[in-house]
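First comes the structure, then the notes that go with it.
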Amino acid sequence: MGYKVVVVGATGNVGKEMLNILAEREFPVDEIAALASRKSLGTEVSFGDRTLKTLDLDTFDFTGWDIALFAIGSDATKVYAPKAASQGCVVIDNSSLYRYDPEIPLVVPEVNAHDVVRYTNKMIIANPNCSTAQMVVALKPLHDRAKIKRVVVSTYQSVSGTGKEAMDELWNQTKGMYVPGQEVAPKVYPKQIAFNVIPHIDVFLDSGETKEEWKMVAETKKILDPSIKVTATCVRVPVFVGHSEAVNIEFEEFLDWEEATEILREAPGVMVVDKREAGGYITPVECVGEYATYISRIRQDSTIENGLNLWCVSDNLRKGAALNAVQIAEVLGQRCLKKA
């Protein structure tokens, strides 16, 4: 017997990826439903070699369904996730709504899979921010070996993290740069994204940091270790898919870069590509469609006593969102629901 699975927001970038990954990983599905808002009702989406027609989220009855993967905004999640949970369906939520609720587990399976059992608190499990997810996958095995004191991270985040309209804006602005009279003014972003970088993701807080930067701090502490100090600068770059991060790590004890490399080579979910030569590293273009979190440029930081630098790249629509949600569902099934 397999699971009855619902994908909520099945017509969006992340919802489509959830359906793709469920099929690719052969998740034991007995029955599947693709839900969307009424304006997208009846839209066809793919699930492996099958075609599904979207159903109306507003009228859907979650009773008897096992797992719901949510890929909609926080406002809609606030309405429908408690409804699904109250009807006995476990919600795995990709929005930011529940990430900071102390009663709701925030899970990256390679890091804190044991927290999945806490789903019974509210029948909800939260998926972390995409930039946090890939970073903690890299940090966890190093933290186990030589406890991390502080992390300084600068991100280079693709426009797909904002959504389809942002991807269209990058495409149209780029084309418009070469065709006089077809220039495209910024609409999704506050400044031009084509051939530019924008040091601004999400809203600004009173502290001067953006909410995206605050999320990386709060989520790393919740998922990995509350004692780790984290500071982040998050930047949007003209890349369609794939987030990159330059990560500086300070440990409580010395960790040699060669040992760190071997630890990361053995770590779950990590792929090390690190040759000290031209092209011996991973870029966002090469990570698209892949499951792994890629690590390159591992090297000692000579400016502090126990420091390392590394470069971290991952497909944000996969590990940063859809893949992580499906991995949570897999752990939930194996450890808790045990139907298949």
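The values are calculated or read from the model by the stated rules, or taken from the named source; none is laboratory data. Everything numeric in this text was worked out from a predicted model, so none of it was measured. Positions of Cβ are generated from backbone atoms using ideal geometry, with glycine treated the same way; all protein chains shown enter the neighbour counts. Side chains are part of the model used for accessible areas, which takes the heavy atoms of the whole protein and leaves out ligands, DNA and RNA. Shrake-Rupley method; radii C 1.70, N 1.55, O 1.52, S 1.80 Å.
Consider region 269-286. How many of its residues are open to solvent by 30 Å² or more (accessible area, probe 1.4 Å) and within 16 Å of Asp315 (Cα to Cα)? The number of residues fulfilling the criteria is 7. Within the set Ala71, Ala10, Ala23, Ala85, the sole residue that is of a type in the set (Gly, Ala, Ser), under 15 Å from the mean Cα position of the chain (by Cα) and modelled with pLDDT of 95 or more turns out to be Ala71.
So for region 74-90 (the condition being surrounded by fewer than 16 Cβ atoms within 10 Å (Cβ to Cβ), at positive phi and among the charged types (D, E, K, R)), does at least one residue qualify? For region 74-90, residues surrounded by fewer than 16 Cβ atoms within 10 Å (Cβ to Cβ), at positive phi and among the charged types (D, E, K, R): absent.
For region 216-254, which residues satisfy the criterion of being under 20 Å from Val197 (Cα atoms), among the hydrophobic types (A, V, I, L, M, F, W, C) and assigned to a strand (DSSP E or B)? Answer for region 216-254, where residues must be under 20 Å from Val197 (Cα atoms), among the hydrophobic types (A, V, I, L, M, F, W, C) and assigned to a strand (DSSP E or B): Ala232, Cys234, Val235, Ala246, Val247. For region 255-296, a tally of residues being assigned to a strand (DSSP E or B), in contact (Cβ under 8 Å) with a residue 60 or more places away in the chain and out of contact with any Leu (no Cβ under 7 Å at 6 or more places or on another chain) returns 1. Among the residues examined, Lys164 does not qualify as surrounded by fewer than 22 Cβ atoms within 10 Å (Cβ to Cβ), farther than 26 Å from Trp257 by Cα, of a type in the set (D, E, K, R) and more than 19 Å from the chain's Cα centre (by Cα).
Scanning region 186-220 for residues that are farther than 16 Å from Ser160 by Cα, open to solvent by 60 Å² or more (accessible area, probe 1.4 Å) and among the basic types (Lys, Arg) yields Lys191, Lys211. When Thr303 is tested against (1) open to solvent by 10 Å² or more (accessible area, probe 1.4 Å); (2) among the β-branched types (Val, Ile, Thr); (3) in a helix (DSSP H, G or I), only condition (3) is not met.
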